[in-house]
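The values are calculated or read from the model by the stated rules, or taken from the named source; none is laboratory data. Just so it is clear, the model here is predicted, and its values are computed rather than measured. Cβ placement follows ideal geometry from the backbone for every residue including glycine, while neighbour counts extend to all protein chains displayed.
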Amino acid sequence: MYFKNTFINFKSACFIVPAVLSFTAGYSNIMPGELKVNINRETLLATAIQQTVKGKITDEAGLPLPGATVMVAGTSITAATDIDGNFEIAAANGATLNIVYIGYKTQVVTVTGADINVKMVPDASELNEVLVVGYGKQAKKDVTGAVSQISESQFRQGVNISTDQLLQGKIAGVRVTPTSGEPGAGINVNIRGVGSIRSGSTPLFVVDGVPLTNDGVSPTGANVGFGSSAAKNPLNFLNTSDIESISVLKDASAAAIYGARGSNGVVIVTTKRGAKGKASFTVDSYLGFSKIMNKLDVLSADEYRKAISDPAFDHGGNTDWQDVIFRNAVTKNNSFSYSKGTDSGNYYVSVAQMDQEGIVNNSNFRRTTGRINASESFLDDKRLKVKVNLTASETKDDGVPTSDDGGSDGQLIIHTLMANPTRSVFDADGNYTNFNMNAHYNPAYLLSIYEDVTRTTRILGNMETSFRILKGLEYKLNLGIDRSVAERNTTIYRNLTDRSTTGRYVQGNTDSKNTLIEHYLTYDFLTGKHKLDALGGFSYQKFETGGTSFIVDQIGVKGEGIKPSINPGYKGVQMGVTGFAQINELQSYFGRVNYAFDGKYLLTASLRADGSTRFGENNKYGYFPSAAAGWNISEESFLKGSNVVNNLKLRASWGQTGNQEVQNKVTQTSYSLTAADGYYLYDELGLVNGVTYSRTANPDLKWEVVSQYNVGVDFNLWADKLYGSVDYFNKTTTDAILFIPAPVLSSTDNVWTNMDGKIVNSGLEFMLGSKIVNTEDFTWDLDVNGATLKNEIKGLPVSQILSGTISGPGQSGVTGNIYKSGYAAGSFYLKEHIGFDADGKEIFKDQNNDGVINDSDRKIFEGAIPKFTYGLNSNMRYKDFDFSFSIIGQTGGYLLNNTGLNALNINNLASDRNTLSDYYDSGANQSNAPQLSSLYLEKSDFIRLNSARIGYTFKHPSLAWMQSLNLYITGQNLFTITNYSGFDPLINSNKATNGNQSLGIDYGSYPTARTFIIGATFKI
C-alpha cells in the first residue's frame, strides 16, 4: 500500500482500511499477498483512526460564530457551527482542519485532541468584503456579476434627504442628477446609460428585501393658473442615518433575479442591525447653514440703465432680485439609535427628525422617522429565525412655484431673473409693488400669495422567516407591506394682477398600497472542492393606488377672508371633483444556482418569469435568463502564494432583464365622451355619437427587454496597496414601449406599441483603490472611479421621435430633443447659431441652402449624456483626527439652457425685463425675438469638490462608559469649475413630451445650495 511514495506490505498492516475509502488497485505486477493502493494520507488519517472532535468557533471578541464551516483537509468531511458556535466532526489526530467564515481569515488547525477552540481573525482585505445581492449575500471573491457596494463610511457626506443622493460620485457607471435643488425634489438615477425613450429609466430600489414601486406616492402639484409641478421624491421617507449599506447590481447576471424590473439596474438598501457585544446608544446631531452656490450674472440696476433705449423702463429703484428671494437657510437634524446583539438575535431602534430650510424663501422640508429592526432565533437548535423590519415616517414639504410645463407664469426663478432691477420690492406705503411686467409678477409678491404644502405618511415593513428543514436546506417566507397616504394643498390667493383675480385652492390626495409575499427555498452544499448554493421561489406583489382631487375657486385675499363683492355668502365655489383607482399585480417565479470548484472556477445561472397585469392577454409573461462565469486566477498554482498578486479574477456574464414601467391598462381602448348636448346615440354595437377613441387597444404589447453582456476583471495587488476592477459592458434595449400618436404609424390611431430598433449603451468602467498608508497611527485610503459611455439608437422604424418641450415666448409646440437612428438618445435638434450681423441680428445656418430659415434648417447636435463621468474619494485618519473629501465630475455632455432662452434673452431689454450680462455683451440686437438655437446649447463639463469633512474623536480611559465622541465639520458643494452659464451643470428638468423623456434641458431650476455643517456623534 502507498502513502504517496511509501510502500507497506498489506499482510503486515496492523489495521484494516475501511471499505468506504476510495482506492484504485492494479492487478498487474502484484506480488502474491500484496495489494498496491494509491490513497491520500490525510484521508486515511481522518478515517482510519477517527475520533469525534468537538470545538467552538468565536470571533475576535470571543462571541460565537454560527454558520462557520469546518473541513477536514483533503476529504469531503465537513461540519457547520450551530448558533452557539459549537461543532462536531470526525477527524484523526494529526489531521488538518480548515475553518472558513466570510469576513474572517481562514484558520488552519492541526488536530491534537478531542477538543478544539478557535478564535477567528477578521480579514480586512477588500477581497473578503461581503456583498448583498438579490435574495442573499456573497463573498466578493465568489461574485461573478458586476456588483458594487458602499457602506456608511463611504456615503456622500452632507445634507442627504434621500437614499439616491448617497450614491453620488461613489460607484462607476452610476449617474445621479437632481431635477431641482429644492429640498425633497426628485432625482434621476441612471445606471449604465439611458436605455429607454419613455420616461422611466430609474432603477429598481429594494429596501430590506421589499421591492418598491417607482411610482410617485404623493400627488403632483396642481395647476392654479401656472402649470403643474412634479411629485416629491418617493425615497424621501427613509432616514439615511439608518442605512448600513447600498449595493448596486449593474449587469444582467446580477439584476436578472429581479427580472421584469431590473432593466435599469437594481439598488439594494440594507438598514442597520444590532451588532454583537455591548449595547450601543448613538446620538448624531448636526446644524447646517446653506446659501446659493452660484448666482447668475444679470445686469445690475446701473448696468440696466445704460443698456436700455427706452427711459420708461427705468423705475428709479436698485434691487438685486436674487437677493430678495434667496436666503441663508438652516438645517437641523437629530438622530437617536439603540442597538444590541445577542447569541440568538439582535435589534436596532431609532428615531430621527430633520428640518431643512430651502435657500428660497418659504421652501422647507420636515421629516420625522422611526424604525425598529429585530431578529430572533427559536427552537433548541435555533433552526427557526424571524426577522422584522419596520419604519414609519411623516414628511412635510413646503414648495414654491416651479412648474415644468406652465411657461414662465408659475416659475418663480424665471420671474426673478427677468425682473427689472430698477423696480422696488415695496412701494412708498410699504406694500408689495404689484407691477405687471408683461404679465409677470413681482417675485416677492408671488411668494406671498402662493402656498404649496404636501404631507406624506408612509409605513414600510416586512417580516422574514427562515426554517432549516435539513442541513443546508432552508425555507424562507417574506411578507411585506408599503403603505402611504399623502395630501397636497396648493393655493393661489386673490391678487391684483391679471393672473388670478379670484384665487384658487386645489387639494389632491393619494393613497398607495404595495403588498408582497415571497416563498423560496435555499440549498447550500459544501464538500471537498465543490461548493453549491441554489435558490428557487415564487413572488407575488400587488400595487393599489387611488386618489381624489377638487378645486375651490374665488377664495379671496390671503388673511382677509372672503370679500362679499367677489362671492357674497360663500367661501368659494367647489368644482373639478375627480378621482381614480387602479390595481397592478406582478406574479413571478425565480431560480438561481451558484457553483464553485476548488475556489477557482465559478458559475452562476438564473431565470425569472414575470407576469404583469399591465400587459395584454397575448404577452402577459416575460422570461429573463442570465449566466455568468468567473475564474479566480490567483488560486492557480502559478500565482498561489504570490507576494504581488493577492487576487486576480476574470468575470464574464450575459443576461436579459425587462421593463414594465408603463401605465396601467395601456393595452386597452380608451374613450372620450365629447357630445356637446350631453346625449349619446346607441346602436347594437355600443356608443356611436359623441365618442372619440383616445387610445387604440393593443393586446400584443409585450415587455421591453434589455440584453447585456459584461466582461470584467477584479484584482488586489501588494496586500491591497492597489485594488480595483475594470468592466466592459454592452447593454441593448429592444422592443421599446412607446406611445405613438396619430399620424406617425396610423392616420387615426393613438396606440402604445413595441417599436423595432435598438438603444445601445456600451462603455468601460473602472475603480482603482489603494490603502496608501495603514499603520496604527495613520491610515489613508484613496479610490477613484470612472466610466465611459456611448449611447446610440439603431434601426428606429420611424424617421424621428421628438421630445423636450421648450418653454418661453414664441416657443409653443417647439421641442429640443430628438430620438433618431444613428444618434444618441435625446440628442439636441436646433437651429445652428453662427453669429450676429453688423446690426446685431442673429444669423442661422441655412442647412438646405434654400434661402429661407425655418424648421427644416434644424440640425442634430450632440446630446446630454456625458461621455465620461468620474469620482475621487479620499479618507485619512491620524490618531484621533479624520479628514475626507470627495470630488465628482463629467465631460462630453451638453445642456440646453431654456432658462436663458426664456428668462434672459436679449429681447428682454426691449420689454421692461432684465438679461444676462454675457448676452448683452455679445452685441446682439435687443429686437431679436428669442428662437431655439445652438446659441443656448452649452457644455455641461464640470469638476466639483462635492464634500469635505474634518473631525476629531474624543476617547479617555477614565470615561469607560463612553465609546466615543466625534465632533466634525462638513462642507458640501464647496466649489465647481465649469463654463456653464446657468446655476448648476448637474441638472435635468422634466420636459417630457407624450411620455418620452427629455434629456439635458435646464428650465428655471431651483438652484443648488452650498452647505456647511457642524455636528457631533456621541456613542455610549
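A few remarks follow.
- Odd one out for residue 882 among (1) over 24 Å from residue 998 (Cβ atoms); (2) touching an Asp or Glu at 6+ places or on another chain (Cβ under 9 Å): (2)
- Subset tally (residues that are in contact with a Lys or Arg (Cβ under 7 Å, 6 or more places away or on another chain), of a type in the set (Ser, Thr, Tyr) and surrounded by 19 or more Cβ atoms within 10 Å (Cβ to Cβ)) for region 721-733: 1
- Which numbered condition residue 693 misses (of (1) in the same structural domain as residue 600 (by TED's automatic domain parsing); (2) at pLDDT below 80; (3) surrounded by 13 or more Cβ atoms within 10 Å (Cβ to Cβ)): (1)
- Single residue of region 236-250 satisfying the filter (charged (D, E, K, R) and either over 15 Å from the mean Cα position of the chain (by Cα) or surrounded by fewer than 24 Cβ atoms within 10 Å (Cβ to Cβ) (or both)) that is nearest to residue 369 (Cα to Cα): 242
- Residues being surrounded by fewer than 20 Cβ atoms within 10 Å (Cβ to Cβ) and closer than 14 Å to residue 239 by Cα - total across region 333-352: 4
- Complete set of residues in region 373-411 that are at pLDDT below 85, closer than 29 Å to residue 444 by Cα and surrounded by fewer than 22 Cβ atoms within 10 Å (Cβ to Cβ): 405, 406, 407, 409
- All positions within region 584-622 that are farther than 22 Å from residue 146 by Cβ, part of a strand (DSSP E or B) and hydroxyl-bearing (Ser, Thr, Tyr): 588, 589, 612, 621
- Close Cβ contacts (under 6 Å, 6 or more residues apart or on different chains) running from residues in region 100-120 that are more than 30 Å from residue 132 (Cβ to Cβ) to residues that are small (Gly, Ala, Ser) and surrounded by 12 or more Cβ atoms within 10 Å (Cβ to Cβ) comprise 111/91; 111/95; 116/55; 117/55.
- Total residues in region 802-858, condition more than 19 Å from residue 907 (Cα to Cα) and either free of Cβ contacts under 8 Å to residues at least 40 places away in the same chain or touching a His at 6+ places or on another chain (Cβ under 9 Å) (or both): 18
- Candidates 794, 721 - the one that is among the charged types (D, E, K, R) and more than 26 Å from residue 625 (Cβ to Cβ): 721
- Pick from region 441-496, criterion in a loop (DSSP other than H, G, I, E, B) and of a type outside the set (Lys, Arg), ranking: nearest to residue 515 (Cα to Cα): 472
- Only one entry in 508, 472 is in the same structural domain as residue 270 (by TED's automatic domain parsing), modelled with pLDDT under 95, surrounded by fewer than 19 Cβ atoms within 10 Å (Cβ to Cβ) and over 23 Å from residue 361 (Cβ atoms), namely 472.
- For region 598-611, the tally of residues that are touching a Lys or Arg at 6+ places or on another chain (Cβ under 6 Å) and either outside the structural domain of residue 532 (by TED's automatic domain parsing) or farther than 21 Å from residue 538 by Cβ (or both) stands at 1.
- Sole residue being small (Gly, Ala, Ser), under 24 Å from the mean Cα position of the chain (by Cα) and buried (at least 22 other Cβ atoms within 10 Å of the Cβ), chosen from 370, 358: 358
- Conditions (1) surrounded by 15 or more Cβ atoms within 10 Å (Cβ to Cβ); (2) farther than 28 Å from residue 191 by Cα: number failed by residue 264: (2)
- Those strands (runs of 3 or more DSSP E) lying entirely in region 807-853 with at least 1 residues at pLDDT 90 or above and exposed (fewer than 15 other Cβ atoms within 10 Å of the Cβ): 833-836, 842-844
- Here residue 979 meets the list (1) surrounded by fewer than 17 Cβ atoms within 10 Å (Cβ to Cβ); (2) in contact with a His (Cβ under 6 Å, 6 or more places away or on another chain) almost entirely, failing just condition (2).
- Residue match in region 631-650 (condition: charged (D, E, K, R), surrounded by fewer than 19 Cβ atoms within 10 Å (Cβ to Cβ), in contact (Cβ under 8 Å) with a residue 24 or more places away in the chain and outside any strand (DSSP E or B)): yes
- The residues of region 854-879 that are exposed (fewer than 15 other Cβ atoms within 10 Å of the Cβ) and under 23 Å from residue 769 (Cα atoms), listed by number, are 878, 879.
- Test: residue in region 220-232 that is farther than 22 Å from residue 805 by Cα and crowded, with 20+ Cβ neighbours inside 10 Å: no
- Some residue of region 299-311 being out of contact with any helix residue (DSSP H, G or I) (no Cβ under 8 Å at 6 or more places or on another chain) and either assigned to a loop (DSSP other than H, G, I, E, B) or not assigned by TED's automatic domain parsing to the domain that holds residue 965 (or both): yes
- Single residue of 898, 902 found to be touching a residue at least 40 places away in the same chain (Cβ under 8 Å) and under 27 Å from the mean Cα position of the chain (by Cα): 898
- Qualifying residue in region 320-329 (condition: touching a Gly at 6+ places or on another chain (Cβ under 9 Å) and surrounded by 15 or more Cβ atoms within 10 Å (Cβ to Cβ)): yes
- Which numbered condition residue 316 fails, given (1) closer than 27 Å to residue 911 by Cα; (2) part of a helix (DSSP H, G or I): (2)
- As for region 315-330, it holds no residue that is of a type in the set (Ser, Thr, Tyr), assigned by TED's automatic domain parsing to the domain that holds residue 914, in contact with a strand residue (DSSP E or B) (Cβ under 9 Å, 6 or more places away or on another chain) and touching a residue at least 24 places away in the same chain (Cβ under 8 Å).
- Scanning region 617-630 for residues that are without any contact (Cβ under 8 Å) to a residue 60 or more places away in the chain, closer than 25 Å to residue 253 by Cβ and not hydroxyl-bearing (Ser, Thr, Tyr) gives no hits.
- Among the residues of region 271-281, some residue qualifies, meaning at least one is on the phi > 0 side of the Ramachandran plot and in contact (Cβ under 8 Å) with a residue 12 or more places away in the chain.
- Test: residue 288 is part of a loop (DSSP other than H, G, I, E, B) and either in contact (Cβ under 8 Å) with a residue 60 or more places away in the chain or closer than 30 Å to residue 960 by Cβ (or both): no
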